[in-house]
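Colleague: Sharing a structure with you now.
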Amino acid sequence: MGRKGVSLQEKRERILRIYHESKDVFNLKKLEKLGSKAGVGAPTDVNQALVDDALVNCDKALH
């Protein structure tokens, strides 16, 4: 039986949890490392979606 992937909503919640628990600022490299540990496959894409939805602030463009 194959593993079920994590839903986009769960990925968003995991990335938001990283921000809320640490109350810190992250660069993309650090976010990728923390996101990977939290089981989020593409943390930069999820983070961009959170920025687009105004749930996360970003000082510089990601792309």
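Values in this text are rule-based calculations from the coordinates and carry no lab data. Just so it is clear, the model here is predicted, and its values are computed rather than measured. For neighbour counting, all protein chains shown are included, and Cβ atoms are generated from backbone atoms with ideal geometry for every residue, glycine included.
Colleague: What's the FRET efficiency of residue 58 with residue 4 using the Cβ-Cβ distance as r and R₀ = 30 Å, to the nearest 0.05?
Modeller: Efficiency computed from Cβ-Cβ geometry: 0.50.
Colleague: Which value does Rg/Rh take for the chain over its C-alpha atoms, Rh per Kirkwood? Intermediate results must be reported in sequence, preceding the final value.
Modeller: Numbers: Rg = 11.7 Å, Rh = 12.0 Å.
Computed over Cα atoms, the ratio is 0.97.
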